[in-house]
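Encoded as C-alpha cells, the structure appears first; notes follow it.
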Amino acid sequence: MLEIILIVVAFVGSVLASLFDLKTTEIPDEIPYAMMVVGIIAYVIKSFLVVSYWPFLLSVIVGLSFLGFGFLMYYMGQWGGGDAKVLSAIGFLVPVLPQQLNKTLFFPFPLSFFFNVFLVGAIYMIVYAIVLSMINRKIWSVFIKDLRANARMILIFNFSLIVFLFLLGSVLTRYFELVHFFNIFTFGVIVALLTLSFFLLWKFVKTVEDVGFKKKIRISELKVGDVPLDYKIWEGITEKELEKIKKSGKKYIYIKEGVRFAPAFPMALIFTLVFGDGILFLMKFFV
C-alpha cells in the first residue's frame, strides 16, 4: 500500500512540476525537494518496520543515480536543473515497482523507467516541435526552403543507397544463394525510406531549434529566468545578472528556449505502469 501511495505522490508531484514548466519554463525547487523528502521519510519508516536497511538504501541509490545523470544532462546543456531534480525525486519515491502491479519488465524497474523516459520523451518532443511549427509558420518556410536547396543531394544519396543494396542483393543471391533477390531489394527500399525519414526528421527538429527556440528581444523585455543564447548550461539569469546586462548598453539580446521536458516524466511513469518495459512493448510490433 505504501508503494502505491508513493507512486501517486510521484505522479502528482511531476504533473505539478510540468504545469509550472509549461507556464513559466521554471520548476520551483520546492516541488522536487518535497517529493524527495516524502520518499526518504517513507523508506526510513519502511526499513524500520521490516527491520532492514535495504528499502531505504535502494531509494537513496536510485534517487542519487537519477540525480547524477540528470545533472550530467544539465551540464551538457540538454536539461534544466529542475528536470534533473524531478527525475531524481521520482527515483527516491519509486525505486521499485510494487508486486501487486504484476508487470513483466525486461530490466529492473529503475532502468525500465529510465529507458521509457527517453522513449516517451522522444515522441513528446516530436509532437512538441510539430505544435510549435504550427504556431510559428516561419519554421515550415525555412524547413521547405532548406529541403529545396538540398533536394539534389538527398535524391542522389538515396538513389545511390538503393543501387548499392540492389547490387549487394544480386551478389548474395547469385553467388551465395542466401536469400531471395526480391527480399533483398525490398529490404533495400525500406532502408532507403527509413534513412530518408530520419534525415527529414533531423532536418525538421534542427529547423525548429534554429528558428523556434531562438528569439531576439529588447534588453528592456529581458527578465529573470531567461536563458541567453551564449549560455552553455540551461540556467536562467539571476536578478544580479539582469542588472548587469541592462547596464551593458546593449539594446537587444538573443535568448534561447527549449522543449519543456518535465511532462515527459509523468507520461513515462504512466507508460511504465500501464505497458511495462518500452523494449518489450516495441518488440511486439517487430518480432
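The values are calculated or read from the model by the stated rules, or taken from the named source; none is laboratory data. Bear in mind the structure is a predicted one, so any value in this text is a computation, not a measurement. Cβ coordinates were reconstructed from backbone atoms using ideal geometry, including for glycine residues, and neighbour counts include every protein chain displayed.
The figures follow:
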item	result
Qualifying residue in the stretch 26-43 (condition: more than 13 Å from S88 (Cα to Cα), surrounded by fewer than 17 Cβ atoms within 10 Å (Cβ to Cβ) and touching a strand residue (DSSP E or B) at 6+ places or on another chain (Cβ under 9 Å))	yes
Among (1) part of a helix (DSSP H, G or I); (2) touching a residue at least 24 places away in the same chain (Cβ under 8 Å); (3) under 27 Å from T195 (Cα atoms) - the single one R152 does not satisfy	(2)
Residue identified as farther than 23 Å from A262 by Cβ and in contact (Cβ under 8 Å) with a residue 24 or more places away in the chain among L49, L67, L2	L2
Residue match in the stretch 122-131 (condition: within 16 Å of L280 (Cα to Cα), of a type outside the set (D, E, K, R) and modelled with pLDDT of 80 or more)	no
Top-ranked residue of the stretch 100-121 - restricted to ones that are among the aromatic types (F, W, Y) and in a helix (DSSP H, G or I), ranked as surrounded by the most Cβ atoms within 10 Å (Cβ to Cβ)	F113
Residues being under 16 Å from I123 (Cα atoms) and of a type in the set (A, V, I, L, M) - total across the stretch 199-231	4
Hits in the stretch 231-257 - residues which are closer than 27 Å to Y128 by Cα and either free of Cβ contacts under 8 Å to residues at least 24 places away in the same chain or not acidic (D, E) (or both)	Y231, K232, I233, W234, G236, I237, I253, Y254, I255, K256
Test: residue in the stretch 45-53 that is surrounded by 15 or more Cβ atoms within 10 Å (Cβ to Cβ), in a helix (DSSP H, G or I) and among the hydrophobic types (A, V, I, L, M, F, W, C)	no
Which numbered condition P95 misses (of (1) in contact with an Asp or Glu (Cβ under 9 Å, 6 or more places away or on another chain); (2) not in a helix (DSSP H, G or I))	(1)
Residue under evaluation Y124, criteria (1) within 17 Å of the chain's Cα centre (by Cα); (2) free of Cβ contacts under 8 Å to residues at least 60 places away in the same chain; (3) buried (at least 16 other Cβ atoms within 10 Å of the Cβ), criterion not met	(2)
Subset of the stretch 256-284 (residues that are under 28 Å from D230 (Cα atoms) and modelled with pLDDT under 80)	K256, E257, G258, V259
Selection count where residues are in a loop (DSSP other than H, G, I, E, B), charged (D, E, K, R) and at pLDDT 75 or above, scope the stretch 195-253	5
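Each row is one residue, and each column tells you yes or no for (1) assigned to a helix (DSSP H, G or I); (2) more than 15 Å from P32 (Cβ to Cβ).
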| residue | (1), (2) |
| --- | --- |
| F56 | yes, yes |
| F69 | yes, no |
| Y74 | yes, no |
| Q78 | no, yes |
| V86 | yes, no |
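This table checks each residue for (1) more than 22 Å from Y231 (Cβ to Cβ); (2) at pLDDT 90 or above.
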| position | (1), (2) |
| --- | --- |
| I4 | yes, no |
| V8 | yes, yes |
| L22 | no, no |
| E30 | yes, yes |
| A34 | yes, yes |
| Y43 | yes, yes |
| S47 | yes, yes |
| F66 | yes, yes |
